[in-house]
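Below is one structure, written out as structure tokens; comments come after it.
The values are calculated or read from the model by the stated rules, or taken from the named source; none is laboratory data. Here the structure is a predicted model, which means the values were calculated and not measured. Neighbour counts are summed over all protein chains in view; Cβ atoms, including those assigned to glycine, are modelled from backbone coordinates with ideal geometry.
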Amino acid sequence: MRASPSSTLTIRRCLPQDLERISAIERASFSDPWTFETFSATLALRHLRFLVAEEGGAGGVAPTLVGYVVALVMVDEGEVADLAVAPSARRRGIARSLLERIMAEVMEAGVRALYLEVRESNAAARALYQALGFEPVGRRRGYYQHPTEDALLLRRDLAPRA
Ligand SMILES: CC(C)(COP(=O)(O)OP(=O)(O)OC[C@H]1O[C@@H](n2cnc3c(N)ncnc32)[C@H](O)[C@@H]1OP(=O)(O)O)[C@@H](O)C(=O)NCCC(=O)NCCS
């Protein structure tokens, strides 16, 4: 049985002091990771949502940053540009919590469709996105490097249900 999300999970806006830890999780998660400088530049963009998930923090112990999500907002469309969870914290519902929060936030901001690209071979991410209602709408050939691979373009309709 899967462990349930940590009861101490907190999701908040990313701060500059989070970027060292985020860069370390990114390097552990991707063969072509974003750099610290890319994250720094990203934080300064206005049309961007950058959330982090933290665990713990009770009893005077500092919380641990365990995941993050970056989304771009372009009027009524959005794009999930980056998402990762620390390897030791996976399969505990953290990515699901981050995505649910960012979907709610961008929907509140007027976004009606959320897009993202995923490596065709990334079974974990594809299962996550399928579970959250993303559907395949296209393919970008040779989109990724290290190794070269196609991206699947996924879309999640955020229009309020009647
Ligand atoms: C993909 C990733 C973000 C998932 O994070 P996570 O916190 O472990 O995911 P969750 O625990 O929220 O999983 C939610 C659901 O996604 C699916 N899922 C997640 N990981 C899975 C895996 N390894 N295998 C199969 N299904 C998986 C399941 O449906 C899961 O629900 P369940 O645990 O009740 O079965 C994480 O594996 C990761 O950081 N991978 C490397 C970076 C990456 O690929 N990012 C996405 C780029 S597009």
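Here are some residues: Ala109, Ala53, Ala58. Which one is among the aliphatic types (A, V, I, L, M) and under 15 Å from the mean Cα position of the chain (by Cα)? So the residue among Ala109, Ala53, Ala58 that is among the aliphatic types (A, V, I, L, M) and under 15 Å from the mean Cα position of the chain (by Cα) is Ala53.
Total residues in the stretch 111-130 satisfying the condition of being within 13 Å of the ligand (Cβ to nearest atom), in a loop (DSSP other than H, G, I, E, B) and within 16 Å of Leu158 (Cα to Cα): the figure is 0.
For the stretch 18-69, the set of residues classified as without any contact (Cβ under 8 Å) to a residue 12 or more places away in the chain and among the charged types (D, E, K, R) consists of Arg27, Glu37, Arg46, listed by residue number. Leu98: under 21 Å from Ala131 (Cβ atoms) and crowded, with 20+ Cβ neighbours inside 10 Å, yes or no? Here the answer is yes, as Leu98 does meet what is asked. Got at least one residue in the stretch 80-99 being of a type in the set (Asp, Glu) and farther than 20 Å from Ala28 by Cβ? No, every residue in the stretch 80-99 fails to be of a type in the set (Asp, Glu) and farther than 20 Å from Ala28 by Cβ. Restricted to the stretch 33-54, and to residues that are touching a strand residue (DSSP E or B) at 6+ places or on another chain (Cβ under 7 Å) and farther than 20 Å from Ser97 by Cα, which residue is surrounded by the fewest Cβ atoms within 10 Å (Cβ to Cβ)? Result: His47.
In the stretch 15-51, of all residues being over 18 Å from Leu72 (Cα atoms) and of a type in the set (Gly, Ala, Ser), the one that is modelled with the lowest pLDDT corresponds to Ser31. Whether a residue is modelled with pLDDT of 95 or more and either under 25 Å from Leu19 (Cα atoms) or within 14 Å of the ligand (Cβ to nearest atom) (or both) was assessed, and Asp150 passes this test. Just checking, does the stretch 98-106 include any residue being over 18 Å from Val70 (Cα atoms) and more than 9 Å from the ligand (Cβ to nearest atom)? No, the conditions are met nowhere in the stretch 98-106. Of the helices (runs of 4 or more DSSP H) lying entirely inside the stretch 14-110, the ones with 3 or more residues being more than 25 Å from Leu158 (Cβ to Cβ) are found at 19-29, 36-43.
Of Asp82, Asp76, all but one fail to be under 22 Å from Tyr144 (Cβ atoms), acidic (Asp, Glu) and either surrounded by 13 or more Cβ atoms within 10 Å (Cβ to Cβ) or touching a His at 6+ places or on another chain (Cβ under 9 Å) (or both); the exception is Asp82. Between Gly133, Gly78, Gly93, the distinction of being within 15 Å of the ligand (Cβ to nearest atom), touching an Asp or Glu at 6+ places or on another chain (Cβ under 8 Å) and at pLDDT 95 or above belongs to Gly133 only.
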